[in-house]
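Step one of this worksheet: look at the structure below.
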Amino acid sequence: MPIRVNSFMGKFGWWARLHFPNLASDAYLKLQFATRGKQQEAYIKYFMNAEKTPHPNVVNIETINRCNSTCEFCTANRNAEKRPYMRIDDQLFYKIIDQLADWGYKGHLTLYGNNEPLLDTRIVEFHKYAREKLPDCFIFMSTNGLILDIDKVNQVKPYINQLIINNYALEMKLHDNVQKVHDYIKAHPDEYKDLDVQIQMRYLKEVLTNRAGSAPNKQNNNKVIKETCLMPFTDMWIMPNGKLGVCCCDNFEVTDLADLNTVTVQEGWESAKYTALRKAIATGRQNYPFCKYCDFIDAGFRMKVVNAILKGGEEAANKIGGQQRMLKKDTETKL
């Protein structure tokens, strides 16, 4: 089945996030830090000791810095947005994709950041260009689905491997338009046999992480986080102005590790500022001011990619997206 509906820990998890949001967040983060620390440290050691700087595992390009949702954990929500409006320059985008191709990049790519990608009217064209130039990349789109319909799915379908629909809501049910997308794809599986569509049930008022102190509903409490972080070693975070930021937690776009208007993506990834960041973070977040109190930890596919690299190198990791899709069970969360 090319579409499935997921909800972390099912109805119990939704109930916990609804009634005990802070407790649910703290318990989840403690579990992730406790279970992922050794793998993270092993990958960072591999990265820092490599003769040649490894490629990023995920390249994130935010093409427009706006969102149309009201998620309470994110400063990009339409009620909390403070960033000056910006769209990436067309020629800068094409240049970045060309440079990734010249660099031999074959990892994961998403044209998404702290935003809603479908608000960018160029998004299908951008995905088409990325697919043509980077045929071996695993390209995925994340959307909140608020303006999604089956026509939009069909427009982008030829160029992506995976569509993730984050159904943010106050009740554990699909939005009407997302339900229509779900029902159509489920009824026409042959049309979508090459596209993995996942709908994530998300609580609109959920408490997640403090995102380096930027989360509107969870500010940092000045507790120093001494664990390390994978993001500077796995993700290239490109903002619409062409600057490289630390990660998705830089909601206000204040970090500046390199400027892709003046350097190539490879030069940016290997820049002195990036190197200094990694050396600091390698031994704990307390060593880098922006990250000192941040409790964010990725709990998604990055750990699968990291483990694949440690076992078989970048080539093995580049296949992880397709492997994930083939290994998924055809099950759905019962709503």
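Please work out whether the chain counts as rounded, prolate or oblate from its C-alpha gyration tensor, where a ≥ b ≥ c are the square roots of the eigenvalues and a/c under 1.5 means rounded, while otherwise a/b larger than b/c means prolate and anything else oblate? Don't jump to the answer; show the numbers that get you there.
Numbers: a/c = 1.37, a/b = 1.13, b/c = 1.21.
Note, shape of the chain comes out rounded.
Once you place label points 7 Å from the Cα toward the Cβ at E171 and K82, how far apart are they in nm?
My value for the distance between the label points is 3.5 nm.
If you build a Gaussian network model of the chain, linking Cα atoms that sit under 10 Å apart, which residue out of M201, M86, M236 swings the most?
The residue with the greatest mean-square fluctuation here is M86.
Let a ≥ b ≥ c be the square roots of the eigenvalues of the Cα gyration tensor of segment 53-193; is it rounded (a/c under 1.5), or, if not, prolate (a/b larger than b/c) or oblate?
Judged from the Cα gyration tensor, segment 53-193 comes out oblate (a/c at least 1.5, b/c at or above a/b).
When the chain is treated as a GNM, springs tying every alpha-carbon pair under 10 Å, which of D235, D98, D90 comes out with the largest mean-square fluctuation?
Comparing D235, D98, D90 in the GNM, the peak value goes to D90.
Give the shape of segment 193-288 as rounded, prolate or oblate, defined through the alpha-carbon gyration tensor: a ≥ b ≥ c are the square roots of its eigenvalues, a/c under 1.5 means rounded, and otherwise the shape is prolate if a/b is larger than b/c and oblate if not. Intermediate results must be reported in sequence, preceding the final value.
Numbers: a/c = 1.80, a/b = 1.15, b/c = 1.57.
Because a/c hits 1.5 or more and a/b fails to exceed b/c, segment 193-288 counts as oblate.
If contacts are Cα pairs under 8 angstrom and at least 6 residues apart, what is the relative contact order of the chain in percent?
25 percent
Quick check: residue separation of M48 and K226 times 0.36 nm, minus the Cα distance between them. What number comes out in nm?
Working: separation 178, 0.36 × 178 = 64.08 nm, distance 1.86 nm.
That pair, M48 and K226, stretches by 62.2 nm at full extension.
Just to be sure I understand the rule: take each whole DSSP H helix in the chain, project its Cα atoms onto its long axis, keep it if the span is 27 Å or more and its mean Kyte-Doolittle hydropathy is at least -1.0. Which ones pass?
For the chain, where a helix must reach 27 Å along its axis and average at least -1.0, the hits are 21-49.
Go through segment 1-85 and name the chymotrypsin sites (Phe, Trp or Tyr not before Pro) that are in a DSSP coil and have 15 or fewer other Cβ atoms within 10 Å of their Cβ.
Y85
Could you tell me what percent of the DSSP beta bridges with both partners in the chain are antiparallel, to the nearest 5?
Antiparallel: roughly 15 percent of the beta bridges in the chain.
Given the DSSP H assignment, sum -39500 (n - 2.57) over each helix run of at least 4 residues in the chain and divide by its residue total; what's the result at 222 nm in deg cm²/dmol, nearest 500?
Taking each H run of at least 4 residues, the total per residue is -11000 deg cm²/dmol.
Could you give the distance between the Cα centres of segment 259-280 and segment 15-32, to the whole Å?
Here the two parts' Cα centres lie 35 Å apart.
Strictly over 19 Å apart at the Cα level, which of K226/K311; K157/K205; K226/K279; K38/K304 would you flag in this model?
From the list (K226/K311; K157/K205; K226/K279; K38/K304), the Cα-Cα distance tops 19 Å for K226/K311; K157/K205.
Using modelled backbone amide H atoms (1.01 Å from N, in-plane), which distant-in-sequence or interchain residues come within less than 5 Å of Q200's amide H?
N6, I165, N166, N167
Gain in length, K193 to K95, computed as 0.36 nm per residue apart minus the alpha-carbon separation, to one decimal in nm?
32.1 nm
Quick note: the coordinates plus some simple rules give every number you see, no bench work behind them. For clarity, every value in this text was computed on a predicted model and none was experimentally measured. Glycine also receives a Cβ, built like all others from the backbone with ideal geometry; neighbour counts cover every protein chain displayed.
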